[in-house]
Amino acid sequence: MIDKLKHIPFIKKLNHYQAMPIIWWTILVLLLPFIFSLCRIPTVWRVGLLFIVFNCLVSYHLGILVKKIALKWYWLLLLPVCFCLIVLIKYANYNLLFGLIYLIFEIFGLMDRQFYK
């Protein structure tokens, strides 16, 4: 199915841009909470699995991608800012703290295992 999506002319044209992996991952992170809500997954599981585990792994991966693709530093802000906007619209305000946590994980990914140097 993903191969079929890659061959759509509009998607193929978008994927030529250097920052598209960052944007695709951010879109996935923004859509998954709504999909979890539609599937009636309880809030505890949504926060535990999605907000803590999955999104932290994705944000660490985005930090690695920013360094690997050699993007500007402000691309690190895309995921946390978009997530905070979603939280303001739909979720409790204490979830805004996850935006800061995701930014920290992205910086860890950017550091590329140089935690103690």
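A few notes on this one:
- When ILE41 is tested against (1) surrounded by 13 or more Cβ atoms within 10 Å (Cβ to Cβ); (2) out of contact with any Leu (no Cβ under 7 Å at 6 or more places or on another chain); (3) part of a helix (DSSP H, G or I), exactly one condition is not met: (3).
- Single condition LEU62 does not satisfy, out of (1) at pLDDT below 90; (2) touching an Asp or Glu at 6+ places or on another chain (Cβ under 6 Å): (1)
- In segment 46-62, the residues that are within 22 Å of TRP75 (Cα to Cα) reach residues that are crowded, with 16+ Cβ neighbours inside 10 Å and among the hydroxyl-bearing types (Ser, Thr, Tyr) with C-beta atoms within less than 8 angstrom, at least six apart or across chains, in these pairs: ASN55/TYR102; CYS56/TYR102; SER59/TYR102; LEU62/THR26.
- Condition check for ILE52: of a type in the set (Val, Ile, Thr), touching a helix residue (DSSP H, G or I) at 6+ places or on another chain (Cβ under 7 Å) and more than 24 Å from LYS6 (Cα to Cα): no
- Qualifying residue in segment 66-79 (condition: surrounded by 12 or more Cβ atoms within 10 Å (Cβ to Cβ), more than 15 Å from TRP25 (Cα to Cα), among the basic types (Lys, Arg) and in contact (Cβ under 8 Å) with a residue 12 or more places away in the chain): yes
- The criterion of being surrounded by 18 or more Cβ atoms within 10 Å (Cβ to Cβ), at pLDDT below 90 and out of contact with any Ser or Thr (no Cβ under 7 Å at 6 or more places or on another chain) does not hold for PHE98.
The values are calculated or read from the model by the stated rules, or taken from the named source; none is laboratory data. Note that the structure is a prediction, hence the values are computed from the model and not measured. Don't worry about glycine lacking a Cβ; one is built from the backbone with ideal geometry, like all the others, and counts go over all protein chains shown.
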